[in-house]
Amino acid sequence: MLFLTYALMLVFSLVTHREMFGADESKDVACEADEELTRMAEEGAHAPWSVGKSVGVLLGATAFVALISEFLVVAIESARESLELTEVFVCVIVVAIIGNAAEHSSAVLMALCNKMDISIGIAVGSSLQVALFVAPVLVFASYLLGRPMNFEFTVPEVVAVVASVIIVEQISSDGESNWIEGLQLLSVYAVLAVLFYFLPDMHPAGAHQ
């Protein structure tokens with residue numbers, strides 16, 4: 001159901017209602033960094049890539065990201081054992097921060113350019129991709145690899161997800177933002193980090209994770 005929902009969201013945003021997700025040029029505020037990148041792109045303008053070249057570069061980048069991810073997993077596992085951190089804290093806090101570094105930097109850059117609609121879209125879109133696409137795919141892949149992984153969450157994990165959804169709705173519904181809202185979001189994240197730091201591993205013994 002999650003996987004199907006994600007597929008239909010792609011159809012909605014890329015096919016049937018793509019005009020809803022276009023940038024509003026009338027509300028675009030000048031950003032020095034953005035203008036500099038645009039100027040450099042115009043000076044070095046060249047013909048667009050072919051489909052084959054684009055796909056090849058994408059596959060190559062994906063392969064390198066997968067390789068780096070393997071190094072990351074090994075390093076984090078060693079650090080987790082030496083620092084005596086729980087798997088829940090490492091997965092929910094540490095991996096989430098490191099694994100989404102690219103999205104975080106892009107969202108921050110857009111926020112600095114006062115393009116909050118794009119910034120929120122990057123942050124929310126990244127989370128939706130993990131929840132609706134990556135997680136179901138991992139479950140499907142675990143069965144294909146002969147090591148079934150469950151999709152079971154503890155009560156604190158469910159509460160954290162529900163609270164995150166409610167907070168995002170409250171922040172984005174009015175279409176405005178300010179520094180105190182950002183501070184409150186960081187405070188909520190810090191509270192969740194403390195919760196998961198002291199939360200023991202509550203998954204049933206012997207369950208595949």
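Looking at the structure I just gave you, is ILE122 more than 23 Å from PRO148 (Cα to Cα) and open to solvent by 50 Å² or more (accessible area, probe 1.4 Å)?
Criteria not met by ILE122.
Kindly provide the set of residues from the range 171-187 that are polar (S, T, N, Q), within 19 Å of ILE122 (Cβ to Cβ) and assigned to a helix (DSSP H, G or I), ordered by number.
Within the range 171-187, just SER172 meets the criteria.
Do we find a residue being over 22 Å from MET110 (Cα atoms) and at pLDDT 85 or above anywhere in the range 30-50?
Scanning the range 30-50 turns up at least one residue that is over 22 Å from MET110 (Cα atoms) and at pLDDT 85 or above.
Which is among the aliphatic types (A, V, I, L, M), surrounded by 13 or more Cβ atoms within 10 Å (Cβ to Cβ) and not in a helix (DSSP H, G or I), of LEU132, LEU85, LEU109?
Matching residue, one of LEU132, LEU85, LEU109: LEU85.
Is there a residue being closer than 30 Å to TRP179 by Cβ, open to solvent by 80 Å² or more (accessible area, probe 1.4 Å) and at pLDDT 85 or above anywhere in the range 88-102?
Checking the range 88-102: not a single residue is closer than 30 Å to TRP179 by Cβ, open to solvent by 80 Å² or more (accessible area, probe 1.4 Å) and at pLDDT 85 or above.
Please work out which residue is nearest to ASN114 (Cα to Cα), limiting yourself to the range 186-203 and to residues that are modelled with pLDDT under 85 and surrounded by 10 or more Cβ atoms within 10 Å (Cβ to Cβ).
This residue is LEU199.
Do you know which residues across the range 151-170 are part of a loop (DSSP other than H, G, I, E, B) and open to solvent by 80 Å² or more (accessible area, probe 1.4 Å)?
PHE151, GLU152, PHE153, listed by residue number.
Which residue pairs have Cβ atoms closer than 6 Å, lie 6 or more positions apart in sequence or on different chains, and pair a first residue in the range 84-98 that is touching a residue at least 24 places away in the same chain (Cβ under 8 Å) with a second residue that is of a type in the set (Phe, Trp, Tyr) and surrounded by fewer than 16 Cβ atoms within 10 Å (Cβ to Cβ)?
PHE89/TYR197
The values are calculated or read from the model by the stated rules, or taken from the named source; none is laboratory data. Given the structure is predicted, the values throughout are model-derived calculations rather than measurements. Counting neighbours? That spans all protein chains shown, and the Cβs are built from the backbone with ideal geometry, glycine included. Note: areas computed on protein heavy atoms with side chains; ligands, DNA, RNA excluded. Shrake-Rupley method; radii C 1.70, N 1.55, O 1.52, S 1.80 Å.
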